[in-house]
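Colleague: Sending over a structure as structure tokens; questions will come in a sec.
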Amino acid sequence: MALEERSSKLDPETEAPYSIYKNKPLLFFRDVLSWTPWTKQEEITNDLLKVKRVAVASCNGSGKTALAARIVAWFLSTRKDSIIVTTSATGAQLYGPFWRNIRQVVATSKKKLPGTCMTKAWQVAPQWYATGIASDDETQFQGFHAEGEHGELLVVIDEASGCENYVFDAIRGYLTRPNSYLLLLGNPNRSTGGFAELFKRKSENWSLHSISAFDVPENIMDRAWIEEMRETYGENSLQWTVRVLGQFPTKGADLQLYPLWLLENAAEQFPSDKGRHMGVDVARSGADNNVACLVEDGMLVNFQHWQSPDTTVSTEHVARLAREWGVVPGNVHVEVDGIGGAIVDRLREAGIECDAVQSGGSPLGDWRELVGDIRFANRKAELSFALRQCLMKGKMSIPRQYTLFWKDLDHINIEPDIEKGLFKLEPKKKLRARTGASPDFADALIISMSRQGACPVIRWI
């Protein structure tokens with residue numbers, strides 16, 4: 001039987017089938033679900049029952065989503081006429097990992113759970129259910145409350161750090177009853193917003209939990225992953241701070257154009273572009289990388305890099321990749337500041353038409369529909385902001401396996417010119433001094449955003 005179809009009949013006039021576990025969630029986990037939480041999961045569950053307001057800032061891989069799914073099962077199965085509202089930073093996160101975990105709990109429970117669990121909802125009775133609401137639809141948050149004499153309400157926000165402030169503003173309106181509970185979970189990958197503010201204020205009305213990878217039992221957390229993160233990003237990186245230590249970034253991270261929460265959210269997206277675009281960043285010295293990347297259907301799908309200042313070598317690489325990747329003429333975008341111009345000339349001589357991108361040139365305004373009326377210092381700033389907006393609006397995705405791109409994007413800061421009212425990037429020289437490297441992989445992806453004419457991304461939807 002499919003997970004979505006698994007159900008049990010229950011008379012809505014009766015008590016909840018497992019009401020004896022209403023104040024005994026850990027026993028419910030053991031007796032009904034045949035599941036044993038680890039120590040921190042026990043503490044979070046007990047605090048939710050006692051304090052009713054719990055926020056969890058966690059490293060990756062701590063089992064927070066698995067815990068939340070079982071809390072949903074416990075709450076719905078032990079409280080007649082209860083309502084559970086779930087949301088996440090993106091619809092893909094909510095209806096993917098989160099609700100997949102819930103359906104798995106229903107399917108594998110030791111004892112049959114009440115009602116019918118579907119893809120985006122779990123229904124016991126008309127006024128007794130759990131539902132998922134995508135956080136990008138503000139209007140859907142209005143009007144939820146626990147109904148009936150004994151009804152109780154649980155709100156679960158997964159990946160809470162990535163949710164906008166209006167989500168937190170909306171839920172305050174229906175958490176006024178004494179029988180309401182709120183559970184927030186997420187990686188602390190944003191130093192601003194409602195989730196971060198909770199941990200800054202440290203309200204006595206909330207139980208706050210922080211989980212480091214070093215807190216998680218070895219049977220849950222692979223120690224090899226910790227070492228991989230250490231080797232890939234280093235202990236001074238934002239990736240290490242957030243994903244391994246489970247700590248919020250410093251205030252300086254607010255200058256990041258591509259903060260970790262944005263990359264994490266966008267990794268779950270599936271855009272609908274139907275074209276292929278190739279971005280090429282040409283090395284300015286032998287120590288830098290020449291990078292070519294392929295964006296297909298709005299998603300980064302391939303890349304190659306090589307070290308050579310020889311324009312002939314780079315031309316051959318780009319020509320070969322354009323043919324192998326099937327990129328149509330005009331969709332090969334090459335940065336021409338520096339020696340890139342010579343490569344474009346050679347490619348055109350070989351019959352490969354290119355879009356010559358002048359990073360230091362004037363902005364073209366071809367992303368106006370997406371970026372609004374912001375004044376940009378140059379074309380590079382315009383394309384960089386266009387990439388950010390595409391990531392924000394679900395029109396671009398960078399899968400997690402492209403760690404070289406994530407690492408580079410993590411380093412890019414803005415340095416706005418307040419006096420002139422211009423959006424500017426941190427100068428490349430300053431960035432190199434701060435990080436010790438040039439963001440060649442990020443630059444190639446940014447260059448791939450160059451488009452001619454009206455904003456095509458708007459038409460991808």
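The values are calculated or read from the model by the stated rules, or taken from the named source; none is laboratory data. Bear in mind the structure is a predicted one, so any value in this text is a computation, not a measurement. FYI the Cβ positions are ideal-geometry reconstructions off the backbone, even for glycines, and counts take in every protein chain you see.
Colleague: Being under 19 Å from Ala160 (Cβ atoms), touching an Asp or Glu at 6+ places or on another chain (Cβ under 9 Å), buried (at least 22 other Cβ atoms within 10 Å of the Cβ) and not assigned by TED's automatic domain parsing to the domain that holds Lys407 narrows it down to one residue among Leu260, Leu238; which is it?
Modeller: Leu260
Colleague: Tell me, which residue of the range 225-282 that is part of a loop (DSSP other than H, G, I, E, B) and without any contact (Cβ under 8 Å) to a residue 60 or more places away in the chain is nearest to the chain's Cα centre (by Cα)?
Modeller: Thr250
Colleague: Also, quick follow-up: Across the range 349-372, what is the number of residues that are in contact (Cβ under 8 Å) with a residue 24 or more places away in the chain and out of contact with any helix residue (DSSP H, G or I) (no Cβ under 7 Å at 6 or more places or on another chain)?
Modeller: 4
Colleague: Filter the range 108-138 down to the residues that are surrounded by fewer than 23 Cβ atoms within 10 Å (Cβ to Cβ), among the hydroxyl-bearing types (Ser, Thr, Tyr) and within 25 Å of the chain's Cα centre (by Cα) and list them by number.
Modeller: Thr119, Thr131, listed by residue number.
Colleague: Pick from the range 322-341 the residues that are surrounded by fewer than 22 Cβ atoms within 10 Å (Cβ to Cβ) and of a type in the set (Asp, Glu): which of them is nearest to Glu296 (Cα to Cα)?
Modeller: Per the criteria, the residue is Glu324.
Colleague: Still on this structure, I have one more. Of the residues in the range 296-321, how many are in contact with a Gly (Cβ under 7 Å, 6 or more places away or on another chain) and surrounded by 18 or more Cβ atoms within 10 Å (Cβ to Cβ)?
Modeller: Total satisfying the criteria: 0.
Colleague: Another question, if that's okay. Could you say which residue among Leu260, Leu238, Leu321, Leu245 is on the phi < 0 side of the Ramachandran plot and touching a Pro at 6+ places or on another chain (Cβ under 7 Å)? Break it down stepwise before answering.
Modeller: On the way: Leu260 fails: touching a Pro at 6+ places or on another chain (Cβ under 7 Å); Leu321 fails: touching a Pro at 6+ places or on another chain (Cβ under 7 Å); Leu245 fails: touching a Pro at 6+ places or on another chain (Cβ under 7 Å).
Leu238 is the lone residue from the list that is on the phi < 0 side of the Ramachandran plot and touching a Pro at 6+ places or on another chain (Cβ under 7 Å).
Colleague: Would you pick out the residues in the range 36-71 that are over 21 Å from the mean Cα position of the chain (by Cα), in contact (Cβ under 8 Å) with a residue 12 or more places away in the chain and under 19 Å from Ile102 (Cα atoms)?
Modeller: Pro37, Trp38, Gln41, Glu42, Ile44, Thr45, Leu48, Arg70, Ile71
Colleague: Out of the range 372-383, which residues are touching a strand residue (DSSP E or B) at 6+ places or on another chain (Cβ under 9 Å) and more than 13 Å from Arg451 (Cα to Cα)?
Modeller: Of everything in the range 372-383, those that are touching a strand residue (DSSP E or B) at 6+ places or on another chain (Cβ under 9 Å) and more than 13 Å from Arg451 (Cα to Cα) turn out to be Ile374, Arg375, Phe376, Ala377, Asn378, Ala381.
Colleague: Next up: Look at the range 405-433 and say how many of its residues are touching a residue at least 60 places away in the same chain (Cβ under 8 Å) and aliphatic (A, V, I, L, M).
Modeller: Here the count works out to 4.
Colleague: Please count how many residues of the range 143-199 are closer than 20 Å to Trp74 by Cα and either among the aliphatic types (A, V, I, L, M) or modelled with pLDDT of 75 or more (or both).
Modeller: Qualifying residue count for the region: 18.
Colleague: Being closer than 16 Å to Phe441 by Cα and not in a loop (DSSP other than H, G, I, E, B) is the filter here; which residues of the range 386-407 pass it?
Modeller: Listed by number, the residues that qualify are Leu387, Arg388, Ser397, Thr403, Leu404, Phe405, Trp406, Lys407.
Yes/no matrix, rows are residues, columns are (1) part of a loop (DSSP other than H, G, I, E, B); (2) within 21 Å of Ile398 (Cα to Cα); (3) out of contact with any Cys (no Cβ under 9 Å at 6 or more places or on another chain):
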site: Arg284; (1), (2), (3): yes, no, yes
site: Arg323; (1), (2), (3): no, no, yes
site: Val327; (1), (2), (3): yes, yes, yes
site: Val334; (1), (2), (3): no, yes, no
site: Glu353; (1), (2), (3): yes, no, yes
site: Ile374; (1), (2), (3): yes, no, yes
site: Lys380; (1), (2), (3): no, yes, yes
